[in-house]
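Reviewing the structure listed below.
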Amino acid sequence: MGPHWINVGRVEEIPPLGARLIDSGQGQIAVFKAGDGSLFALHNGCPHRQGPLSEGLVSGHTVTCPLHNWVIDLASGEARAPDNGCTPTVPLKVVDGTILLHLPDPRAVVSG
Ligand code: FES
């Protein structure tokens, strides 16, 4: 089976500046909501040492890793200079208030 758009919940279920974790079947995906309501999906691992980005502090369109404070751009997954690295991002769209992620494994489930 090819990639699928997977329903991972409603927009209003994620608080502003919050994140929800999705078990993609290939590792955890963190879905973030910025303070302006923008949504982003990234793998839940910092490019430095795989810190849990879902537990980081969201500011603007960035998240600060809780382990060593690298700042990751939510849209691109790129670490802000002087740090160097990139977390894979996941395509996301909203249809009628439902968040859909483009994932390779259609068995993805919401884990919290
Ligand atoms: S693991 Fe994220 S800054 Fe070190």
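Readers should treat all values here as calculations from the given coordinates under stated rules, not as data from a laboratory. Note that this is a predicted model, so its numbers are computed, not measured. All Cβ positions, glycine included, derive from the backbone under ideal geometry; neighbour counts span all protein chains shown.
Structure summary
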| read-out | value |
| --- | --- |
| Dipole magnitude of the chain, debye to nearest 20 (Cβ charges: Lys/Arg +1, Asp/Glu -1, about Cα centre) | 100 |
| Where no second cysteine Cβ lies under 4.7 Å, the cysteines concerned in the chain | 86 |
| Sorted by Cβ neighbour density within 10 Å, fewest at the top, the residues 29, 14 | 14, 29 |
| Over the chain, relative contact order from alpha-carbon pairs under 8 Å, at least 6 apart, % | 34 |
